[in-house]
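*Asks:* One structure, as C-alpha cells, below. Some questions next.
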Amino acid sequence: MEKGDYATTLDIKDAFLHIRVSPTLQPYFVFMFKMRSYTYAALPFGYKRSPYIFSKILFKDIQTISKTWPVKIQAYMDDIVILCKNKESIKTYTPQIIKFQMDLGQRISYQNYRTIPTSVFQYLGQLFNTNDMTVQMPHQKKLDEEQIKRLDIEMLKEGDSESKGLSYNNQKDQLSKILIRDNLPIYECSTINEEQSCRQRRLV
C-alpha cells in the first residue's frame with residue numbers, strides 16, 4: 001500500500017465451501033445429526049487446517065491476477081483489497097478481476113464488496129486512509145469495544161462468580177449474547193454504496 005493509492009475491496013462468499021473434500025477423506029469429516037450420519041463434501045469451517053488450505057489455493061489465483069493486471073492485490077482469507085494509483089484504471093480492472101474469479105467458480109459476496117475506487121476504505125475491520133497513510137478503528141467498533149469494557153467492569157463489581165473468571169477477550173466473544181439479553185441494538189454497516197450507510201437492526 002502506497003500513499004495516494006485508490007482501492008476496491010472484494011469478499012469471497014462461503015470461502016471454504018469452494019474446496020471439495022476428496023471422497024477418500026470424507027469419512028474423517030463424519031458427524032451425527034438426529035441419529036443419522038453425514039459427512040462434509042466441502043472443506044468444513046471447523047477444521048483447523050481449512051484456513052491454510054484455502055489460503056494456499058487462493059494464493060495461486062492472486063499470483064495470476066498480479067501478473068495479468070497492473071494492480072497491487074492483497075488477500076487475507078476471503079477478504080481481498082485491490083490497489084492502484086490511477087482511479088480510472090482500477091475502476092476498469094475491478095470488474096474484470098471479479099469476472100476472472102467467478103470464471104474460476106468463486107462466489108463474490110455482493111453485500112460486502114466495494115467496486116467504487118476510494119482512498120478511504122474499510123479492510124479487515126479497520127479504516128485505511130491512503131491520503132495520509134493512517135489506519136483507524138471505525139467509530140461503531142470503538143463504541144462496541146467501550147461498551148464491552150463497561151459491561152466487564154460492571155459484572156466484576158457485582159461479584160458475579162462466572163464473570164470473575166472471564167478475561168476481556170472472552171467477554172468480547174460473548175458480545176452478541178450480552179446485547180440480546182439486555183435488548184440492546186447492534187449496528188450493521190454496509191459499504192456497497194459510495195457513502196457508507198449504517199442500518200440499525202436487532203438480533204432475534
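*Asks:* Within the set of pairs 6 or more residues apart or between chains, which connect a residue that is assigned by TED's automatic domain parsing to the domain that holds Ile98 and aromatic (Phe, Trp, Tyr) inside the stretch 59-81 to a residue that is modelled with pLDDT of 95 or more and surrounded by 17 or more Cβ atoms within 10 Å (Cβ to Cβ) with Cβ atoms less than 6 Å apart?
*Replies:* From the stretch 59-81, the pairs are Trp69/Tyr93.
*Asks:* What number of residues in the stretch 74-125 are of a type in the set (Ser, Thr, Tyr) and over 19 Å from Lys3 (Cα atoms)?
*Replies:* Kept after step one, since they are of a type in the set (Ser, Thr, Tyr), are these residues of the stretch 74-125: 76, 89, 92-94, 109-110, 113, 115, 118-119, 123.
Subsequent filtering for residues that are over 19 Å from Lys3 (Cα atoms) retains 76, 92-94, 109-110, 113, 115.
The number of residues fulfilling the criteria is 8.
*Asks:* Moving on to the next point. Quickly run through the stretch 28-69 and pick out the residues that are assigned to a loop (DSSP other than H, G, I, E, B) and under 19 Å from Leu17 (Cβ atoms). I'd like the intermediate steps shown before the answer.
*Replies:* We begin by selecting, within the stretch 28-69, every residue assigned to a loop (DSSP other than H, G, I, E, B); these are 34-35, 40-41, 43-49, 69.
The answer is Tyr40, Ala41, Leu43, Pro44, Phe45, Gly46, Tyr47, Lys48, Arg49.
*Asks:* Restricting the first residue to the stretch 25-44 and requiring it to be touching a residue at least 24 places away in the same chain (Cβ under 8 Å), which pairs with a second residue that is in a strand (DSSP E or B) meet a Cβ separation below 6 Å and a spacing of at least six or different chains?
*Replies:* So the pair list comes out as Ala42/Arg20.
*Asks:* Counting just the residues of the stretch 1-23 that are among the small types (Gly, Ala, Ser) and in contact (Cβ under 8 Å) with a residue 24 or more places away in the chain, which one comes out surrounded by the fewest Cβ atoms within 10 Å (Cβ to Cβ)?
*Replies:* At the first step, the residues of the stretch 1-23 found to be among the small types (Gly, Ala, Ser) are 4, 7, 15, 22.
Narrowing the set further to residues that are in contact (Cβ under 8 Å) with a residue 24 or more places away in the chain leaves 4, 7, 15.
Details: Gly4: 9, Ala7: 24, Ala15: 22.
Among those that are among the small types (Gly, Ala, Ser) and in contact (Cβ under 8 Å) with a residue 24 or more places away in the chain, it is Gly4.
*Asks:* Given the structure, is Lys85 surrounded by 13 or more Cβ atoms within 10 Å (Cβ to Cβ), closer than 15 Å to Pro117 by Cα, over 21 Å from the mean Cα position of the chain (by Cα) and not small (Gly, Ala, Ser)?
*Replies:* Details: surrounded by 13 or more Cβ atoms within 10 Å (Cβ to Cβ): yes; closer than 15 Å to Pro117 by Cα: yes; over 21 Å from the mean Cα position of the chain (by Cα): yes; not small (Gly, Ala, Ser): yes.
Here the answer is yes, as Lys85 does meet what is asked.
*Asks:* Could you check Pro117 against (1) farther than 15 Å from Leu10 by Cβ; (2) surrounded by 14 or more Cβ atoms within 10 Å (Cβ to Cβ); (3) modelled with pLDDT under 95; (4) not charged (D, E, K, R) and say which number it fails?
*Replies:* Going through the list (1) farther than 15 Å from Leu10 by Cβ; (2) surrounded by 14 or more Cβ atoms within 10 Å (Cβ to Cβ); (3) modelled with pLDDT under 95; (4) not charged (D, E, K, R), Pro117 breaks only (1).
The values are calculated or read from the model by the stated rules, or taken from the named source; none is laboratory data. Note that the structure is predicted; figures quoted are calculated from it, not measured. Note that each Cβ is placed from the backbone with ideal geometry, even for glycine, and that neighbours are counted across all protein chains shown.
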